[in-house]
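The values are calculated or read from the model by the stated rules, or taken from the named source; none is laboratory data. Quick caveat, the model's predicted, so the values are computed rather than measured. All Cβ positions, glycine included, derive from the backbone under ideal geometry; neighbour counts span all protein chains shown. Side chains are part of the model used for accessible areas, which takes the heavy atoms of the whole protein and leaves out ligands, DNA and RNA. Shrake-Rupley method; radii C 1.70, N 1.55, O 1.52, S 1.80 Å.
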Amino acid sequence: MTTDTAGTEHRVPEGTGGSLDDPTVWRRIRELFLLDPSTVHLDTATVGSPPRAALDRLGVADRELARVPRDPYDDSALVDVRTVLAGGYGCAPDEICVAGSAIDANTRVLNGLELAEGDEIVSTDHECFTIRAPLNALVNRRGVVVRRAALRVGPEQRAEDIVAAFAAAIGPRTRVLQWPAVSLTTGTVFPSRLLAELAHRHGLVSVVDGAQLAGQLELDLHALGVDFLTGSGAKFQCGPQGTAFVYARNRVLPRHNPLPLPAFWPAPSLAYPAQGGLPPRTTTTEPAYDLADLMQRADTVDLSRAAALRLSCQLWDRIGRAEIGRYVRALGDRLLSGVAEHFGTAALYNSVEDARLRCGMIAFTPFPEAADGPAEMARYGEFAARLRDEYRIATSVTGFATPNNSGMRFAIRVSPHLYNTYDEIDSAVAAMAALASR
């Protein structure tokens, strides 16, 4: 239970624990959402559906601020939000703050790094524009070089292949490894712990786009061993639009990340010293100062949206993040099997060989032969549009460069979540097979 300053209680529903495979438990969970029952939403990777409790919270803090105006730059109301996020994601409250969007979060991290002309960032061709855009801004503004690891896709890919591709791209001027925790394009779960260990061996800063990770799979930021990770509140975490978070490691983690803390300037920040600099960063397991507080004090914050995100996170904690992750992976396995049966294993962009690379998201081609350029993109767009209009099933189209840069590949991406069922997965696969045959 949480209480706002007006004394109004906002409860996380009771009785939401148990196995999501239990129809009684699942129905209780499904009733928490406003999803249109005539439409099957299989595009959570684009946007999730907030639970009713989070929607009810929107506007409450704004009305209270209007009733009793106070200092809007005081972020004390966000301390509880940061504490809940830290507990759900496996870090300390001084390492995590609420941001306004994924691109806001990614820009804060990338602009805060110590990078000079000629320094290199190793990235991929599977990044979202919310990180590709600020990466390119560093190229244009500071002369930073972005190199792309050549990644293979498809049924035979393995975690070690991804690590080897990153290792091959590291050069003498490499300063940062950057990758998606779960790729926007194909739903591949990158081996983040293995990549973090690669960064440790080379003394590199690790930056992870976790937009598709938070709320879908269980997340332990300290155990992951990365320096920075950003996440969306509005996708699999099912918070309201306009919510995201930034994790910035603020202590040495002997077991998980023994590297010294990277130089980092939290900007914009109203708490940054007007003269002089920040205290020296810690070299121990104890933080020197509350880094997240500096990151959080960027400007006035939408307190209602932050509080609604907190309620979504509390609901996920009550259901059990491990149980949500298990169920979503099971939906993904059902999808993968169905697509392989109807379209063939070769149609998949996801790994069949390595379960470590799989989550709930599946990407595939429904067409046996590829077309060229704009015609190919239009064909995939028509497929997704007709699936939506004729079958009331929401999916998405993604695209990525081929490893040899010979052109673009496109995919139909299907991304279910805890509010979907196995029957919906089976019906969606059958509908896609019927549509492709026409």
State whether region 245-290 is rounded, prolate or oblate according to the following rule on the C-alpha gyration tensor (a ≥ b ≥ c being the square roots of its eigenvalues): a/c under 1.5 gives rounded; otherwise a/b larger than b/c gives prolate, and the remaining case gives oblate.
prolate
Need one value: the accessible area of residue 41 in square angstrom, 1.4 angstrom probe, rounded to the nearest 10.
40 Å²
Options 268, 408, 53, ranked by Cα towards positive dipole end of the chain, top entry (Cβ charges)
408
Quick one: Karplus J couplings for region 167-178, per residue in order, coefficients 6.51, -1.76, 1.60, θ = phi - 60°, nearest Hz, x for Gly and Pro?
4, 5, 8, 6, x, x, 9, 5, 10, 9, 9, 10
Gaussian network model of the chain, springs between alpha carbon atoms under 10 Å - residue of 70, 132, 148 with greatest fluctuation:
70
Roughly how compact is region 290-383, stated as its Cα Rg over 2.2 N^0.38 Å to two decimals?
1.64
Only Cα pairs under 8 Å and at least 6 apart count here; give the relative contact order of the chain as a rounded whole percent.
22 percent
At what distance in angstrom do the alpha carbon centres of region 83-130 and region 336-406 lie from each other?
28 Å
Shape category assigned to region 202-284 from the gyration tensor of Cα positions, a/c cut at 1.5:
oblate
Once every DSSP H run of n ≥ 4 in the chain is given -39500 (n - 2.57) and the sum is divided by its residues, what mean residue ellipticity at 222 nm do you get, rounded to the nearest 500 deg cm²/dmol?
-12000 deg cm²/dmol
Note: residue 56 to residue 265 extended length (0.36 nm per residue) minus current alpha-carbon separation gives 71.6 nm
Work out how much length residue 80 to residue 133 would gain on full extension: take 0.36 nm times their residue separation and subtract the Cα-Cα distance, in nm to one decimal.
15.9 nm
Would you mind computing, in nm to one decimal, how far apart the modelled labels at residue 104 and residue 34 are, each placed 7 Å from Cα along Cα→Cβ?
2.1 nm
Everything considered on the Cα gyration tensor (a ≥ b ≥ c; rounded for a/c under 1.5, else prolate if a/b is larger than b/c, else oblate), region 359-421 must be described as oblate
Would you mind checking which residues have amide H under 5 Å from residue 48's amide H? H placed 1.01 Å from N; only 5 or more apart, or other chain.
235, 238
